[in-house]
Amino acid sequence: MSGVFDRLGRHLLFALDPETAHGLSIAALKSGVPLCAGGQASERLRTRIAGIDFLNPLGMAAGYDKNAEVPDGLLRLGFGFAEVGTVTPLPQPGNPRPRIFRLEGERAVINRLGFNNEGHERALARLARRRPRGVIGVNIGANKDSVDRIADYELGVRRFAGIASYLTVNVSSPNTPGLRNLQGREMLAELLSRVMTARDAGAGEAARTPIFLKIAPDLDEAELDDITAELVGNAVDGLIVSNTTIGRHGVRNDPRAKETGGLSGRPLFRRSTAMLAKMRRRLGADMPIIGVGGVDSAETAIEKIRAGADLVQLYTGLIYGGPSLPGRIVRGLDRFAEAEGLKSLREMRDSHLARWADEPL
Ligand SMILES: Cc1cc2nc3c(=O)[nH]c(=O)nc-3n(C[C@H](O)[C@H](O)[C@H](O)COP(=O)(O)O)c2cc1C
């Protein structure tokens, strides 16, 4: 599939600084220029998770469309769902630039954006204007200067529950100081109980919007135990594993590796997949889990599912693979399922669970 990206070549976008390239890609998606046709997914790829019907299991991860500008453009690329955000109640500029770095040889990125976004109101207005179709998740966070960060999440739930297919409570960005402390047992208990209460108090549909928790890959086994207990105790609807890592495992010797921020892409694959399997083992077969981190091909997507994922998301893969990547992965998944004689991808879920769950962290 030759699209604008393929014709211009990745090297042209890569000649620009990463944020300029990102802005251009958003503008291209907004313009409706046919970058790449996603194609129709087959029955085999349909997945029903947390009461939501997904046409295929591949989603756009949070952080690409922070302000809900192009959810439909993303779906047209072939994604089965798109997660917009992270949105915070008030607009905020994020950290000073430069704050995104490509590690090209590693097929990785380091970012320290710090939740730069236009705030709830703008995102909400954009979502309200579109014709509702497709699965759109909204990823919610807290303002850096907030005096009550948990209240920011409650507000996110109250504002977006009526309009989002699902909500993601993001406590795993490494770029807002102290944010990840919300993953600790006591804070997490309070956060989840307040967030679920806010959701349950919503009117009509809003009260049924599933809530997922997105966690970091930099947690130890005891912390995973605590998170499991709170997820179950608060009847959270699902889990996303994982956000970027503050570690630099798997990065060889790129000088940019010393930049502060969260690492994503290929070097994150191993750790995030091991974490996913460890959480699947703890949570059992019925908890919806979305696997994210280093997916850049049908093979890596399949491995996430074998490690325990119901659905898969990617971001960094799109930077290196371009807009034809989602379509290529979805077609690859379909061909694989057909060749293996699977009626659905669920049939291969967990087939490598033990191997991944036993990986040392
Ligand atoms: C530039 C950039 C910005 C991101 N912003 C967010 C964000 O706002 N909220 C969030 O939950 N995750 C954010 N992420 C994390 C991704 O959603 C994803 O969890 C992570 O990058 C691992 O997936 P990948 O290896 O496919 O990129 C961001 C990632 C990148 C590279």
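The values are calculated or read from the model by the stated rules, or taken from the named source; none is laboratory data. None of the values given here were measured: they were computed from a predicted structure. Neighbour counts run over all protein chains shown; Cβ positions are idealised from the backbone, glycine included.
Taking first residues from the stretch 166-194 that are more than 17 Å from Val292 (Cα to Cα) and more than 10 Å from the ligand (Cβ to nearest atom) and partners that are in a helix (DSSP H, G or I) and polar (S, T, N, Q), the Cβ contacts under 6 Å between residues at least 6 apart in sequence or on separate chains come to Met187/Asn181.
Of note, Arg130 does not satisfy the criterion of being modelled with pLDDT of 95 or more, surrounded by fewer than 22 Cβ atoms within 10 Å (Cβ to Cβ) and of a type in the set (Lys, Arg). Do the conditions hold for Thr245, that is, is it more than 25 Å from Val195 (Cβ to Cβ) and of a type in the set (S, T, N, Q)? Judged against the criteria, Thr245 is not a match. Looking for something touching a Cys at 6+ places or on another chain (Cβ under 8 Å) and assigned to a helix (DSSP H, G or I) - is there at least one such residue anywhere in the stretch 327-348? For the stretch 327-348, residues touching a Cys at 6+ places or on another chain (Cβ under 8 Å) and assigned to a helix (DSSP H, G or I): present.
For the stretch 325-361, filtering for residues that are of a type outside the set (A, V, I, L, M, F, W, C) and under 14 Å from Arg280 (Cα atoms) leaves 8. Of a type in the set (A, V, I, L, M), within 15 Å of the ligand (Cβ to nearest atom) and under 30 Å from Ala15 (Cβ atoms): is that true of Ile140 in this structure? For Ile140, the condition - of a type in the set (A, V, I, L, M), within 15 Å of the ligand (Cβ to nearest atom) and under 30 Å from Ala15 (Cβ atoms) - is not met.
For every residue, the table says whether it meets (1) under 20 Å from the mean Cα position of the chain (by Cα); (2) at pLDDT below 90; (3) surrounded by 20 or more Cβ atoms within 10 Å (Cβ to Cβ).
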{"position": "Lys144", "(1), (2), (3)": "no, no, no"}
{"position": "Ala151", "(1), (2), (3)": "no, no, no"}
{"position": "Val157", "(1), (2), (3)": "yes, no, yes"}
{"position": "Val169", "(1), (2), (3)": "yes, no, yes"}
{"position": "Thr176", "(1), (2), (3)": "yes, yes, yes"}
{"position": "Arg194", "(1), (2), (3)": "no, no, no"}
{"position": "Asp200", "(1), (2), (3)": "no, no, no"}
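The set of residues from the stretch 329-350 being within 23 Å of the chain's Cα centre (by Cα) and touching a residue at least 40 places away in the same chain (Cβ under 8 Å) comprises Ile329, Val330, Arg331, Leu333, Asp334, Ser344, Leu345, Arg346, Met348, Arg349, Asp350. Check Ile215 against each of (1) at pLDDT below 95; (2) among the aliphatic types (A, V, I, L, M); (3) crowded, with 18+ Cβ neighbours inside 10 Å and name the one condition it does not meet. Among (1) at pLDDT below 95; (2) among the aliphatic types (A, V, I, L, M); (3) crowded, with 18+ Cβ neighbours inside 10 Å, Ile215 violates only (1). Apart from one condition, Gly284 fits all of (1) surrounded by fewer than 18 Cβ atoms within 10 Å (Cβ to Cβ); (2) in contact (Cβ under 8 Å) with a residue 40 or more places away in the chain; the exception is (2). Tell me, which residue of the stretch 70-92 that is closer than 21 Å to His120 by Cβ and among the charged types (D, E, K, R) is surrounded by the most Cβ atoms within 10 Å (Cβ to Cβ)? Applying the filter and picking the extreme gives Glu83.
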